[in-house]
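This is the structure I have questions about; it appears just below.
The values are calculated or read from the model by the stated rules, or taken from the named source; none is laboratory data. As the structure is a prediction and not an experimental result, all values here were calculated from the model. Because the Cβ atoms are built from the backbone with ideal geometry, glycine has one as well, and the counts that use them run over all protein chains shown.
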Amino acid sequence: MTNPVPPALTATATAPAGVGNIGVGFDLLGHTIDGPRDSATVRRIDACEVRVVAVRGDGPNVERIPFDLERNTAGLAVRALHAGLDLTHGFEIELDKGIPIGAGLGGSAASCVAALVAANALLDRPLSRVGLYPYAIEGESASSQSRQGDNVGPMLLGGITLATLTRLVPLPVPDWLHCVVVHPDQVLETKRAREVLTDPYPLSTVVRHGAHLALFVTGLERGDVDLIRDGLQDVLVEPRRASLIPGFTRVQAAAMEHDAIGASLSGAGPSVFAWFTSREAADDAAPAMQAGFARAGFDSRAWVSPVAGPKAELV
């Protein structure tokens, strides 16, 4: 009879940046990109508690990330896991931020998912990625003050996911789909971006939005670029948020002039994404999109990635 293998005491995981909403799928759809990542190192401790002990990073505003579990996405997610499994041990969390804060690239979600994946590796009986999803939604709420999975879902599974409060569904992604994501030297807090969405929408707008979402998802399933193009039009959120991001209309126009299938805000913004039918087209469009922000007076960074981006992984 073999002795049981003792659980590991430390694990590190990284989670990629992502494009929340994908324009037409507000709070429902998202995909990851091969670009910046957040990292979390989690230690299993004897004390029956969860605590965040370090937050590091070279970007602006990292010092503003709270250690308080109620306001730290990683801490809140791991605490929810701890409580949900009724664990008798605890965890310490260290975060290393590689994704810009307030960028619309899912930085708060990436910290949350990286910490969960690392903590999960320290359990006697690790959960599946789908099993981690409810705890990831709980953690993300610390940043957005709302519950949605459009960022944490694809970070857990990779690629594009349809994420509701109760289901996490991976969607097919044609291998020719590539994206450009441009992040300007701006910060837009999710809370402010949500404030402009509080007024009701006319029924006609909701119907148009539903039609676009249906076309978009069907296009992905069939690998039909025309259906994807017809669907990738945000009539719901983008019109209300565009004015919050100086240079957005120029960047979007530059993408479309370079044969983008569609272009819109990444998450709450200020980052902008565009989809293309090849890596070459995306590479060609990226400098023009950056020039749009430059004309508005902002430096920017750009990443080109397959739309079928990576998932969070143990290091």
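What's the number of the condition residue 158 fails, among (1) on the phi > 0 side of the Ramachandran plot; (2) buried (at least 24 other Cβ atoms within 10 Å of the Cβ); (3) at pLDDT 95 or above?
Result: residue 158 fails condition (2) only.
Also, quick follow-up: Do you know which residues across segment 49-76 are more than 29 Å from residue 185 (Cα to Cα) and among the hydrophobic types (A, V, I, L, M, F, W, C)?
Step one: list which residues in segment 49-76 are more than 29 Å from residue 185 (Cα to Cα), which gives 49-51.
Within segment 49-76, just 50 meets the criteria.
What are the pairs, 6+ residues apart or on separate chains, where a residue within segment 191-204 that is touching a residue at least 40 places away in the same chain (Cβ under 8 Å) and within 20 Å of residue 148 (Cα to Cα) has its Cβ under 9 Å from a residue that is surrounded by 13 or more Cβ atoms within 10 Å (Cβ to Cβ) and among the β-branched types (Val, Ile, Thr)?
Filtered contacts from segment 191-204: 193/237; 196/237; 197/237.
Something else now. For segment 178-189, which positions are buried (at least 19 other Cβ atoms within 10 Å of the Cβ) and out of contact with any strand residue (DSSP E or B) (no Cβ under 6 Å at 6 or more places or on another chain)?
Correct list: 186, 188.
Right, something else. Could you look through segment 180-222, keep only residues that are of a type in the set (Ser, Thr, Tyr) and closer than 27 Å to residue 107 by Cα, and pick out the one that is modelled with the lowest pLDDT? Spell out the reasoning first.
If we filter segment 180-222 for residues that are of a type in the set (Ser, Thr, Tyr), which is where we start, we get 190, 198, 201, 204-205, 218.
Next, from what is left, pick out any that are closer than 27 Å to residue 107 by Cα: 190, 198.
Values: 190: 74, 198: 90.
Residue satisfying both the conditions and the ranking: 190.
Looking only at segment 211-229, filter to residues that are touching a residue at least 24 places away in the same chain (Cβ under 8 Å) and surrounded by fewer than 15 Cβ atoms within 10 Å (Cβ to Cβ); which one of those is farthest from residue 169 (Cα to Cα)? Break it down stepwise before answering.
Step one: of segment 211-229, the residues touching a residue at least 24 places away in the same chain (Cβ under 8 Å) are 212-213, 216-217, 220-221, 223, 225, 228-229.
Filter once more, keeping what is surrounded by fewer than 15 Cβ atoms within 10 Å (Cβ to Cβ): 221, 223.
Working: 221: 13, 223: 17 Å.
The extreme case among them is 223.
Still on this structure, please answer the following. Count, please, the residues in segment 106-131 that happen to be in contact with a Ser or Thr (Cβ under 6 Å, 6 or more places away or on another chain) and at pLDDT below 95.
So the count comes out to 1.
Hey, could you check segment 10-56 for residues that are of a type in the set (Asp, Glu) and closer than 19 Å to residue 102 by Cβ and say which is surrounded by the most Cβ atoms within 10 Å (Cβ to Cβ)? First the steps, then the outcome.
First pass over segment 10-56, keeping only residues of a type in the set (Asp, Glu): 27, 34, 38, 46, 49.
Subset that is closer than 19 Å to residue 102 by Cβ: 27, 38.
Working: 27: 18, 38: 30.
If we take residues in segment 10-56 being of a type in the set (Asp, Glu) and closer than 19 Å to residue 102 by Cβ, then 38 is surrounded by the most Cβ atoms within 10 Å (Cβ to Cβ).
From the list 153, 131, pick out the single residue that is buried (at least 24 other Cβ atoms within 10 Å of the Cβ) and of a type outside the set (A, V, I, L, M).
153
Please give the helices (runs of 4 or more DSSP H) falling wholly within segment 97-189 in which 1 or more residues are under 13 Å from residue 32 (Cβ atoms), in contact (Cβ under 8 Å) with a residue 40 or more places away in the chain and among the hydrophobic types (A, V, I, L, M, F, W, C).
Numbers: elements: 107-120, 129-144, 152-157.
So the answer is 107-120, 152-157.
Let me ask something additional. Can you find a residue that is in a strand (DSSP E or B), at pLDDT 95 or above, farther than 11 Å from residue 93 by Cα and in contact with a strand residue (DSSP E or B) (Cβ under 9 Å, 6 or more places away or on another chain) anywhere in segment 22-30? Please lay out each step first, then the result.
If we filter segment 22-30 for residues that are in a strand (DSSP E or B), which is where we start, we get 29-30.
Still in the running and at pLDDT 95 or above: 29-30.
Filter once more, keeping what is farther than 11 Å from residue 93 by Cα: 29-30.
Then drop every residue that is not in contact with a strand residue (DSSP E or B) (Cβ under 9 Å, 6 or more places away or on another chain), which leaves 29-30.
Yes; the residues of segment 22-30 include at least one that is in a strand (DSSP E or B), at pLDDT 95 or above, farther than 11 Å from residue 93 by Cα and in contact with a strand residue (DSSP E or B) (Cβ under 9 Å, 6 or more places away or on another chain).
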